[in-house]
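*Asks:* Dumping the structure here so I can ask a few things about it.
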Amino acid sequence: MLVVPKDARPWQHGVLVGLDQRAQNSGLIDLAAQIARDWGLSLALVAAAEGQDDLADAQAAIDAARAQASVGGLRIRAEVRRGRVPEALREALHAAGADLMLLGRRDGGGHAWAGGTAQNAVGLVECPVWVRGQGSGVERRCAAATQA
């Protein structure tokens with residue numbers, strides 16, 4: 001689902017992916033890389049570590065995502081940020097100069113359209129946020145359609 005604030009413009013600068021170290025991110029990374037390639041944008045990969053115990057998992061998620069996205073000459077920025085996930089994503093979005101955020105959604109969370117982290121992040125940023133559920137192939141067709 002693409003959530004677009006009222007005054008938002010189409011993305012022109014960069015795509016930021018908020019990685020969830022406890023979920024499968026490969027489809028989300030592929031989608032973000034495709035959008036970045038198609039639109040000529042930079043790609044930022046961010047994992048947030050809320051505590052010291054999360055650092056190793058966050059770094060592993062970043063390393064895997066960077067390896068997966070490093071195809072086709074994309075400009076990639078990858079980092080682990082400390083702090084609460086929604087705020088860390090907002091700060092990373094601004095630091096990267098990105099104007100599109102992609103977040104994953106772990107299915108079965110009981111939320112109608114997005115998990116709590118995604119809902120909080122949507123409320124903190126002023127750019128479009130694409131919330132992708134696991135196992136959905138609709139996003140690629142939508143990404144291609146937005147370019148037309």
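The values are calculated or read from the model by the stated rules, or taken from the named source; none is laboratory data. Keep in mind the model is a prediction, meaning the values are calculated, not measured. Please note: Cβ atoms are built from the backbone with ideal geometry, for glycine as well, and neighbour counts cover all protein chains shown.
*Asks:* In segment 38-53, what residues are crowded, with 18+ Cβ neighbours inside 10 Å and under 18 Å from residue 104 (Cβ atoms)?
*Replies:* Of everything in segment 38-53, those that are crowded, with 18+ Cβ neighbours inside 10 Å and under 18 Å from residue 104 (Cβ atoms) turn out to be 43, 44, 45, 46, 47, 48, 49.
*Asks:* Looking at (1) surrounded by fewer than 20 Cβ atoms within 10 Å (Cβ to Cβ); (2) at pLDDT 90 or above, which one does residue 93 not meet, given that it meets all the others?
*Replies:* Here residue 93 meets the rest and fails (1).
*Asks:* Please tell me if residue 15 is among the aliphatic types (A, V, I, L, M) and surrounded by 15 or more Cβ atoms within 10 Å (Cβ to Cβ).
*Replies:* For residue 15, the condition - among the aliphatic types (A, V, I, L, M) and surrounded by 15 or more Cβ atoms within 10 Å (Cβ to Cβ) - is met.
*Asks:* Follow-up. Which residues, counting only those in segment 68-92, are more than 16 Å from residue 20 (Cα to Cα) and not acidic (Asp, Glu)?
*Replies:* 70, 71, 72, 73, 74, 75, 76, 77
*Asks:* Go through the residues of segment 84-95 one by one and say whether even a single one is more than 20 Å from residue 3 (Cα to Cα) and either of a type in the set (Val, Ile, Thr) or touching a strand residue (DSSP E or B) at 6+ places or on another chain (Cβ under 7 Å) (or both).
*Replies:* no
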